[in-house]
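Take a look at the structure below.
The values are calculated or read from the model by the stated rules, or taken from the named source; none is laboratory data. In this text, all values refer to a predicted model and were calculated from it rather than measured experimentally. Because the Cβ atoms are built from the backbone with ideal geometry, glycine has one as well, and the counts that use them run over all protein chains shown.
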Amino acid sequence: MLDFLKRFRLIFAALFFLFLALLILVMNAREGREATWMERLALRISAPLQQQVQGMILWVRGMGEHYLFLAGVQRKNQELKREISALREENNRLKETILAEKRLERLSAYQAKYSSTAIVAQVFARDPSNWFKTILVNKGEEDGVAKDMAVITADGVVGRVMEVTSTVAKVLQITDPNSALDVLVQRSRCQGIMEGRIKDLCILKYVQKSDDIQVGDAVVTSGMGGIFPKGLLIGTVSTVDRKRPGIFQYVEVKPSVDFSRLEEVLIVAEEP
């Protein structure tokens with residue numbers, strides 16, 4: 001008990017003098033007389049303690065108000081962060097919608113041209129390996145898709161349908177080594193067979209060294225084979241080498257379609 005009193009003796013003393021000062025003030029107010037010298041002395045002694053106690057009360061009150069203010073600011077800040085996050089998400093959705101509409105507008109011209117057979121499809125998967133160049137689209141037999149239909153975009157030829165189920169079709173890209181189609185050089189009308197390569201390039205085969213082919217020439221579908229309509233852009237000649245052995249020149253073609261960015265395609269059945 002003594003240890004407890006010694007430890008908190010300053011607090012007890014402050015409370016005692018504060019109580020004494022309050023008692024004196026109450027007595028003076030009740031009796032309406034002037035304070036005696038002893039009462040004035042008690043007030044003088046207790047005044048600094050009262051000021052300290054009052055300061056502590058004000059400090060505690062200020063800290064409490066400051067804490068409540070900071071807590072309110074923190075809540076408001078969290079609410080603003082949630083609103084900003086929601087607005088960013090909505091903005092991204094609107095951007096994606098606008099970009100999709102622009103891509104579909106470019107396809108609409110081709111869809112109008114092939115109005116009887118054109119089917120718009122979305123790409124939802126790609127072959128992850130480096131050995132095959134195929135994509136999956138979300139349209140199948142139920143939508144009128146059949147094997148060997150041509151697949152194009154506004155930029156050019158993508159490939160052909162190689163497999164189809166009721167709701168999904170697998171498309172073989174023109175860059176796949178198993179792909180081969182009849183083409184012609186648009187400027188000189190030289191014909192050849194274009195085959196895919198592992199990289200996103202194609203090789204124009206069976207063109208003689210005397211054929212007029214130059215870097216930058218456009219390569220289009222010839223219309224032969226019954227799959228691709230005539231005149232669809234495939235790509236541009238990127239390399240010409242006539243010095244290699246043999247009777248044919250070596251010609252590389254860079255596809256006009258960026259296969260890494262495919263999102264929507266148009267599937268067509270036949271030449272209009």
In region 221-261, how many residues are over 23 Å from residue 123 (Cβ atoms) and either of a type outside the set (S, T, N, Q) or part of a loop (DSSP other than H, G, I, E, B) (or both)? 21
Go through region 233-246 and count every residue that is at pLDDT 90 or above and of a type outside the set (Ser, Thr, Tyr). 7
So which residues in region 204-220 are surrounded by fewer than 20 Cβ atoms within 10 Å (Cβ to Cβ), touching a Gly at 6+ places or on another chain (Cβ under 9 Å) and either in a loop (DSSP other than H, G, I, E, B) or not assigned by TED's automatic domain parsing to the domain that holds residue 243 (or both)? 206, 209, 211
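Can you pull out the residues in region 217-272 that are of a type in the set (Ser, Thr, Tyr) and under 28 Å from residue 147 (Cβ atoms)?
221, 222, 256, 260
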Those residues of region 122-158 that are over 16 Å from residue 266 (Cβ atoms) and either basic (Lys, Arg) or in contact with a helix residue (DSSP H, G or I) (Cβ under 8 Å, 6 or more places away or on another chain) (or both) come to a total of 3
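Quick grid of which residues meet (1) in contact with a Phe, Trp or Tyr (Cβ under 9 Å, 6 or more places away or on another chain); (2) surrounded by fewer than 17 Cβ atoms within 10 Å (Cβ to Cβ):
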| site | (1), (2) |
| --- | --- |
| 156 | no, no |
| 181 | yes, no |
| 192 | yes, no |
| 202 | no, no |
| 231 | no, yes |
| 245 | no, yes |
| 252 | no, no |
| 258 | no, yes |
